[in-house]
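Enquirer: A single structure is presented below for examination.
A short reminder: the numbers here are calculations on the coordinates, not readings from a lab. This one's a predicted model, so the numbers in the text were calculated from it and none came from an experiment. Neighbour counts run over all protein chains shown; Cβ positions are idealised from the backbone, glycine included.
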Amino acid sequence: GFMTTGDIKAGMYLTLEEKNNGTETLYRQRVLSVDGQKIYVKALRQAPLLLPTAVYNVTVIVDNGIYRWNNISVTAEENGSYRLTVSGTPKVLNRRKYHRMPLSNTCTVTLRGTERVIHGHMINLSAGGFSFVSSDSALAEAKGSGIIININDFDLLSDNTIDGSVIRVTDDAGRYIVGCRMLEDNMDIYEYVEKNK
């Protein structure tokens, strides 16, 4: 795609911004599906109030860019999801580049759509991405795939996993060096890296 809703995929995160009478509320949501100019989402933690006097804007992280649509329409669906209707092409902002911190923890990885557990070692981590190395041949054709990673013995994340997408795979004589972009920036990791870099 070229700066359209076609670049937005199920599983991505977005932020719905609600402005009403001088107050601003942000709602974190996950994309369920996209149909033309309509983005169907599931509210995470908190659902939008859908105030008739409010103005709604939406931002979505897409690879190295942040797509933003202003003055969108938000409608509650019967199944509990929400329909965000945008118009035109988005304003595109460059995604911030964060410092990376070397990391050597072991990790377990699952490629979306498979149940295969892949074992590896971390190389580095930032608030917007990470890389790891593994000898598992399932990674050879993983570029473009969704990925879920769990970093072992990394207290900052507790037992939480990180969602990402594979942006490059380098085959180093059977060792696959995998670079990934997170689906959303993680400010906890940002603060951790800034303190420990």
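Enquirer: Highest first, please rank the peptides 83-91, 130-138 by the mean number of other Cβ atoms sitting within 10 Å of their residues. Walk me through the numbers before you get to the answer.
Expert: Numbers: 83-91: 16.0, 130-138: 18.2.
Ranked by mean Cβ neighbours within 10 Å, highest first: 130-138, 83-91.
Enquirer: Okay, moving on. Hey, what number do you get for the chain at 222 nm if only DSSP H runs of n ≥ 4 count, each worth -39500 (n - 2.57), divided across all residues, to the nearest 500? Please list the in-between numbers first.
Expert: Numbers: 1 runs with 10 residues, N = 197.
Helix contribution divided over all residues of the chain: -1500 deg cm²/dmol.
Enquirer: For the residue pair Arg68 and Val92, what label-to-label distance in nm results when each label sits 7 Å from Cα along the Cα-to-beta-carbon direction?
Expert: A separation of 1.6 nm, rounded to one decimal place.
Enquirer: Going Cα to Cα from Lys42, which lysines come in below 18 Å? Please leave out same-chain ones fewer than 8 positions away.
Expert: Lys9
Enquirer: Moving on. Along the principal axes of its C-alpha atoms, what lengths does the chain span, in descending order and rounded to whole Å?
Expert: Result, largest extent first: 58, 36, 30 Å.
Enquirer: If one computes the Cα centroid of the stretch 44-63 and of the stretch 152-178, what distance in Å separates the two points?
Expert: 30 Å
Enquirer: Please give the length that would be gained between Asn105 and Ser137 if that part of the chain were fully extended, namely 0.36 nm times their separation in residues minus their C-alpha to C-alpha distance (nm, one decimal).
Expert: Numbers: separation 32, 0.36 × 32 = 11.52 nm, distance 2.04 nm.
Answer, rounded to one decimal: 9.5 nm.
Enquirer: Follow-up. Taking the highest mean first, how do the peptides 54-66, 35-47 order by number of other beta carbon atoms within 10 angstrom per residue? If you can, show how the numbers build up before the last one.
Expert: Numbers: 54-66: 17.8, 35-47: 14.6.
Top of the packing list down: 54-66, 35-47.
Enquirer: Helix 187-196 versus the longest principal axis of the chain: what is the Cα-based angle in degrees, 0 to 90, to the nearest 10?
Expert: 40 degrees
Enquirer: Determine by what factor the alpha-carbon radius of gyration of the stretch 74-143 differs from 2.2 N^0.38 Å, reporting the quotient.
Expert: Values: Rg = 18.4 Å, N = 70, 2.2 N^0.38 = 11.1 Å.
Normalised Rg, Cα atoms only: 1.67.
Enquirer: Let me check against my output: what whole-number percent is the relative contact order of the chain, with C-alpha pairs under 8 Å and at least 6 apart? Display every interim value, and only then the final one.
Expert: On the way: 450 pairs, mean separation 30.2, N = 197.
This gives 15 percent for the chain.
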